[in-house]
Amino acid sequence: MKVRRNKKQVPSFRKLLKTSKVKLENKLKNKQHKQQSTLKKYRKEQRKLRQAVKDAVSKKPIPLEDPKRRRPVKRIEKEEEEEEEALPLDMMDEDDLQLMKDLGQRASFLTRDLSSSEPVHVKKRKHEHIIDKYEKIPRTLQTAPEKELIHLLPIKDKSGIIPQTREKPDTDSNKDEEDQEEEMELEEEIIEDPIPEMTREEHLIERKKKLQEKKLHIATLASAILSDPESNVKKLKELRSMLMEQDPDVAVTVRKLVVVSLMELFKDITPSYKIRPLTEAEKSTKIRKETQKLREFEEGLVSQYKFYLENLEQMVKDWKQRKLKKSNVVSLKAYKGLAEVAVKSLCELLVTLPHFNFHNNIIVLIVPLMNDTSKSISEMCCEAVKKLFKQDKLGQASLGVVKVISGFVKGRNYEVRPEMLKTFLCLRIKEVEVKKDTEDINKPKKFMTFKEKRKTLSRMQRKWKKAEEKLERELREAEASESTEKKLKLHTETLNMVFVTYFRILKKSQRSPLLPAVLEGLAKFAHLINVEFFDDLLVVLHTLIESGDLSYQESLHCVQTAFHILSGQGDVLNIDPMKFYTHLYKTLFKLHAGATNDSVEIVLQCLDVMLTKRRKQVSQQRALAFIKRLCTLALQVLPNSSIGILATTRILMHTFPKTDLLLDNESQGSGVFLPELDEPEYCNAQNTALWELHALRRHYHPIVQRFAAHLMAGAPSEGSEALKPELSRRSAVELFETYSMAAMTFNPPVESSNPKKKDKLLQGDSFLNEDLNELVKRHCSEVAIESPLDFTKYLKTSLRHKNEESVSGLPC
């Protein structure tokens, strides 16, 4: 007989166990919910009963009114409203509602004392004892809550399955009781043992101990984050929470340490790319565990970085507003120290993380601080921006900073510190996009098609060509560098913003303290200005020079800018800059050794642009006049300035070989040299000689002597009078900086003379002659006698002696 098998699959024991566990949990939840609801109902009933007892005891019973007697309408309405508010009738059944109405018709229901348990019509005793009255009040039932049961695995026996349960230990109540007892004990201890006052030494030791503990905690968190950033990214939040340190003894120090630690951590763990928010499609797609872990790390990092920047911003704002907070943990004096650390961290992040998120927010924070009244903070921010400009190869970050600075300067109506505009000088812009009719810049290279290869190349050549093209593609992908076109576009936009700022200042505020920085910037970037602006800009520069409102250094910047314009794209313009030559020639003697020679560097740069680079447009008369004036100027300036000027003279003598006639005493042509004339073309410099070189040859500085001797010999490149390579290969500006006397020392140092030591050293009176020594002693021993001075006596004797001498000298 075949046994019929059940087709339905029997569930496994594990599955049964799993389902039973879920059911038990649900049952337990339902049971707990029922217990809570019953307890709530019981408490509500007890509360209502107690309230009713209080009302019955406190209020006097109101007698029933005569039904024939009418009540006022207002009172009726008021009572009806009270009844409506007292009883929610819509929540009662119809039978209960009817019962309440019937009871309301009876007098006993309204006048009865609820606290008594006697019949209604029994007379009350006049002198009822207070204890008896208290005893009649109903007691509250203290029902202990049912203990929770833990359902264990069942036991299977012959009789069947025996369920196993166990009471859940009441740990929470025990804990609460223990906590209460501990709190009571602590309060008693506090009351019994007041805190003794600490001395200054003890307080310092305690503070040092606390600070050491905080440092160890910060170091532990930081090392954990650095060891595994992806797993421990949540510890950034714990470390950032220490920025709210409330212990007044160590609050300021701990906050500073946390700010610096977080800054270094973000510099180390931040990826080299910008993290963008995920789209909805990306969030919904299934990904691997590694990818999910990376996403969580990136989200946590970005959020903590954002909160950290907000904390730094708040520190700066607190210092600016100078308002104490409610906690009063940090004093007003400590706000500046915290703000300086915060600004330093912001500057460091600005420079090191230009590619990461919120970089524009950091720029917006830093730029206004460049114009801060605090010199230290302003210099810190300006140096950070300069550093960013110098290291920014692409130009994206530089463009963002320049835009914010330009808008800030315009918003302040050009009343800002000149250092803000001087940061533009550090921009790495050497070329910009120029409109061309030719093909686009950096056109991508085209590879040969298969047909072209087949026509022109052999089989082996085609094979080599294919391998070469593959290698080029791989190199291009591996390099992943930005295209030159994008770089030029960013540089062009940046320079446009810079020139807009410069031209606005030239147009609106020509007497502004920003003018030197503007002129210096124009001098540096003048070769990149569009040709359309050249004529107007030269007119403005000449007007500024002629106005006389500029300082000497500012006028030199104007001259330098004008010649930078003409040396670049301005070569095509037919402009004679003779007025700028005249101005420089006329003002050279404003340099002297009585003041710092800071302007000499600009003068040397101007001479290089005006004479050396424009040699074809410079006449011989002009070159001779400048060489003569430069040699005269070398006599009255500091040694490093003299070296730079003589180096420029050497370059001019090589550039214009016919100027060697100044080394000859014979005059050339007619006329007399007019050194006081301000026109270099008409001063007849060919009729003079460089006699200043003879004086400079006896200069106390050895390098000046060497240059003077070299020029007197005609500036030869070979021979005994030729210069050494370390002098001949350097430019005039480099020599000026190398031999600078800014440190108030000679460069090179002066050799000390060692005189020969004598065998015997004379001391005291032995230096004097014996007769002189006796005469001194005699005069010192004599008593001073006051006598009238008679100069005529001595005058007569001296005249008589002179006459006798003249008579004896006559011939017989």
task: For every other residue with a beta carbon closer than 15 angstrom to the beta carbon of residue 598, add +1 if it is Lys or Arg and -1 if Asp or Glu, then tell me the sum.
output: -2
task: With a/c under 1.5 counting as rounded, go ahead and sort the stretch 197-245 into rounded, prolate or oblate using the C-alpha gyration tensor (a ≥ b ≥ c being the square roots of the eigenvalues; past the cut-off, prolate if a/b is larger than b/c, else oblate).
output: prolate
- prompt: Got the relative contact order for the stretch 273-413 handy, in percent, Cα pairs under 8 Å and 6 or more residues apart?
  reply: 21
- prompt: So what's the gap between the Cα centers of the stretch 392-407 and the stretch 670-729, to the nearest angstrom?
  reply: 47
- prompt: Residues in the stretch 637-670 near a label at residue 691, defined as backbone nitrogen under 14 Å from the 7 Å Cα→Cβ point?
  reply: 663-667
field: Inter-probe distance in nm under a simple model that places probes 7 Å from Cα toward Cβ, at residue 352 and residue 213
entry: 3.0
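Going by average Cβ neighbours within 10 Å, how do the peptides 158-167, 386-395 rank, with the highest at the top? Each step should come with its number before you reach the end.
Working: 158-167: 8.6, 386-395: 17.9.
My ranking of the peptides, most packed first, is 386-395, 158-167.
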message: I'd like to compare 230-237, 406-413, 547-554: which one has the highest average count of other Cβ atoms within 10 Å, and what's the full order after that?
response: 230-237, 406-413, 547-554
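Going by the alpha-carbon gyration tensor, a ≥ b ≥ c the square roots of its eigenvalues, is the stretch 271-343 rounded (a/c under 1.5) or, if a/c is not under 1.5, prolate (a/b greater than b/c) versus oblate? Write down the numbers at each step before the final one.
On the way: a/c = 3.88, a/b = 3.37, b/c = 1.15.
Since a/c reaches 1.5 and a/b is larger than b/c, the shape of the stretch 271-343 is classed as prolate.
Heavy-atom accessible area per residue, the stretch 572-634, 1.4 Å probe: how many Å²? Let's see the in-between values first.
On the way: 2620 Å² over 63 residues.
Accessible area per residue: 42 Å².
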query: Suppose every K and R has +1 on its Cβ and every D and E has -1 on its Cβ; what is the size of the dipole of the stretch 279-370 about the Cα centre, in Debye to the nearest 20?
result: 460
- prompt: Want the number for residue 247 to residue 595: 0.36 nm per residue separation, take away the alpha-carbon distance, what's left?
  reply: 119.8 nm
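The values are calculated or read from the model by the stated rules, or taken from the named source; none is laboratory data. Since we're looking at a predicted model, the values are computed, not measured. Because the Cβ atoms are built from the backbone with ideal geometry, glycine has one as well, and the counts that use them run over all protein chains shown. Please note that ligands, DNA and RNA were not included when accessible areas were found on the heavy atoms of the full protein model with its side chains. Shrake-Rupley method; radii C 1.70, N 1.55, O 1.52, S 1.80 Å.
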